[in-house]
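Enquirer: Sharing a structure, written as structure tokens. Questions coming.
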Amino acid sequence: MLIKNLMLSRDDLTIVNPKESVRNALDLMEKNGFLSIPVVDGDKFLGVISKGQIYEYFYEKALESKAVLSEILVENVMITNVPVVSPEGKIEDAAYYLATKNTFFLAVIDAKGAMKGIVTHNAIFQQFSELFGENHGYGISIIAYDIPGQISKLSKVISENNGQIISFVVVDLKSITKVKEIILRIHTNDIDLIVKKLKEAGFKVE
């Protein structure tokens, strides 16, 4: 799946201009229940400002008066090193950055440098939840040897016993022996029968 299909569009975002006050940014976050918001100037993405950054800034500067919030600009507090991705990039790339970088979201920037939206942790979690077929059918995990024909054999056993595969994901267990974990969601009226037949076919069902 491409990133553009799961990103939050620029038009749907709550954003702040770098020349606005920190007070305005904080008000926007509190009003919408956000911990952070993008900093954007026109179509150009510049960074992110968060409640944590604001509090840290005031602590480091030993500032006490709330009135100072209206005097300090967003550009003086924001973080600029936010990872960016292309709308045509893959969801796997977005998941990697969100998992390895300390960032609230990824900025989606097109080839012309215009901000198209953002990708959040929640969007990735929801997509992988759909991928694993959560809340649909029965979930089973199968340990199988990494040899040709295993998927075909597995599918045949399930279909011959009136089961329908909703989704499956193959995971490399990184073990000494070449085995894979196959995580399936199955629609069936008799999951016990399918599990029994899979075991009879030589699969280890967990």
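The values are calculated or read from the model by the stated rules, or taken from the named source; none is laboratory data. Remember, predicted model here, so these are calculated numbers, not experimental data. When we count neighbours, we look across all protein chains shown, and the Cβ atoms used for this are built from the backbone with ideal geometry, even at glycine.
Enquirer: Taking ARG23 as meeting all but one of (1) part of a helix (DSSP H, G or I); (2) closer than 30 Å to GLN126 by Cα; (3) in contact with a helix residue (DSSP H, G or I) (Cβ under 6 Å, 6 or more places away or on another chain); (4) in contact (Cβ under 8 Å) with a residue 40 or more places away in the chain, write down the number of the exception.
Expert: (2)
Enquirer: Residue check: is GLY133 at positive phi, at pLDDT 80 or above and part of a loop (DSSP other than H, G, I, E, B)?
Expert: No.
Enquirer: Assigned by TED's automatic domain parsing to the domain that holds GLU30, in contact with a helix residue (DSSP H, G or I) (Cβ under 9 Å, 6 or more places away or on another chain), closer than 22 Å to ASP12 by Cβ and at pLDDT 85 or above, is that true of LEU73?
Expert: Here the answer is no, as LEU73 does not meet what is asked.
Enquirer: What pairs can you find where one residue is in the stretch 101-118 and surrounded by 19 or more Cβ atoms within 10 Å (Cβ to Cβ), the other is assigned to a loop (DSSP other than H, G, I, E, B), and their Cβ atoms are less than 6 Å apart, with a gap of 6+ or different chains?
Expert: Here the result reads LEU106/PRO83; ALA107/VAL82; VAL108/MET7; VAL108/PRO87; MET115/ASP43; LYS116/PRO87; LYS116/ASP110; GLY117/MET7, each pair linking the stretch 101-118 to a residue that is assigned to a loop (DSSP other than H, G, I, E, B).
Enquirer: To continue, here is another question. Tell me whether the stretch 32-43 contains one or more residues that are of a type outside the set (Lys, Arg), surrounded by fewer than 18 Cβ atoms within 10 Å (Cβ to Cβ) and either part of a strand (DSSP E or B) or in contact with a Gly (Cβ under 6 Å, 6 or more places away or on another chain) (or both).
Expert: yes
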